[in-house]
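Report on the structure given below.
The values are calculated or read from the model by the stated rules, or taken from the named source; none is laboratory data. All values derive from a computational prediction rather than experimental measurement. For neighbour counting, all protein chains shown are included, and Cβ atoms are generated from backbone atoms with ideal geometry for every residue, glycine included. Side chains are part of the model used for accessible areas, which takes the heavy atoms of the whole protein and leaves out ligands, DNA and RNA. Shrake-Rupley method; radii C 1.70, N 1.55, O 1.52, S 1.80 Å.
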Amino acid sequence: MVQHRALCIRPWPWIPRRLASLILFPNLKDPETGYIRVMIDYLPSSFARAHVAAFAAAFMSTIATS
């Protein structure tokens, strides 16, 4: 039962960011770049660097398991 709750809660940090990207950048040709645009334009540089490091770590983890 606990696993099901975790699966419901885990995506919630992404949902407000996605909605913000749709509102702030409504005319993007590639809507998937909206999250990155919000990160670059609105986050302080230290948080943006932490997000880039997290993306790199996630990518490396995915490649390592393949």
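Identify all residues within region 35-66 that are under 16 Å from residue 13 (Cα atoms), among the β-branched types (Val, Ile, Thr) and in contact with a helix residue (DSSP H, G or I) (Cβ under 8 Å, 6 or more places away or on another chain); write none if there are none. Of everything in region 35-66, just one residue is under 16 Å from residue 13 (Cα atoms), among the β-branched types (Val, Ile, Thr) and in contact with a helix residue (DSSP H, G or I) (Cβ under 8 Å, 6 or more places away or on another chain), namely 38. Scanning region 3-58 for residues that are open to solvent by less than 100 Å² (accessible area, probe 1.4 Å) and not in a helix (DSSP H, G or I) yields 11, 13, 25, 26, 28, 30, 43, 44.
For region 25-34, the candidate set comprises residues that are under 19 Å from residue 48 (Cα atoms) and touching a helix residue (DSSP H, G or I) at 6+ places or on another chain (Cβ under 6 Å); within that set, the residue that is modelled with the highest pLDDT is 25. Being more than 15 Å from the chain's Cα centre (by Cα) and at negative phi is a condition met by at least one residue of region 52-61.
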